[in-house]
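Derivation of every value follows stated rules applied to the coordinates shown; laboratory data play no part. This structure is a prediction, so every number in the text was calculated from the model and none was measured. Neighbour counts are summed over all protein chains in view; Cβ atoms, including those assigned to glycine, are modelled from backbone coordinates with ideal geometry.
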Amino acid sequence: MGVTFMPAPPAEGPVEQGACIVCAAQPPQDRRLFADYETALAGLADHRRFCTDTDCGEHAYRPFVVVHSSTDTEPSLDVSVRNAMLLLRALGLVPEFGADDVHEPPPGGPPAPAPGEDTPLGGELPAEQMLGRVELALALAPADAGVPGRNLNAAGTVVDFGRPAGYLQDRLSVLRELALFARDQARDVIWH
Ligand SMILES: [Zn+2]
């Protein structure tokens, strides 16, 4: 589970840009480009005329149709929930937790959830505003020293991989490209 930052969908919706047939063959042998889903579906019938891969068509490796969309190649950023919180904090989009956020659980009751655990991580911002916040965060955020990985149990089978140094600045740079793209398209930036 994670959070994805991306440009909001275009007002008129993604534009379909043809369809193709994908199968187990690597590299693909059937390189036909079809006008739409229906014609590609019809094209499945003679896929074997174009594809001689011996793994193709067996069990889970049946060829199938993929429709190309104008949004397929748009920039997006996938991060874990924890790293999303890091980014959103740097962008000033989630409040810092103060003393008021910490509630003592009643005696004998279940422990209180950690602050932020139930924070819904979704939002939308005009690209221009996102860009401004990213530029500000890049200017202000201290260099990310990262977090070393560590074992969470003695056997070493549960590992917290930590965070590489410079992670925050690196992700902010990706987010800046994304915001520039969205601004060029007059679209918002969304995350969920
Ligand atoms: Zn094939």
May I ask you to derive the FRET efficiency for residue 180 and residue 31 from their Cβ-Cβ distance with R0 = 35 Å, giving the value to the nearest 0.05? 0.60
Modelled label-to-label distance, residue 128 and residue 1, 7 Å Cα→beta-carbon offset: nm? 3.6
What translational diffusion coefficient, to the nearest whole µm²/s, does the stretch 16-69 have by Stokes-Einstein, given a Kirkwood radius computed over alpha-carbon pairs, a temperature of 20 °C and 1.002 mPa s viscosity? 195
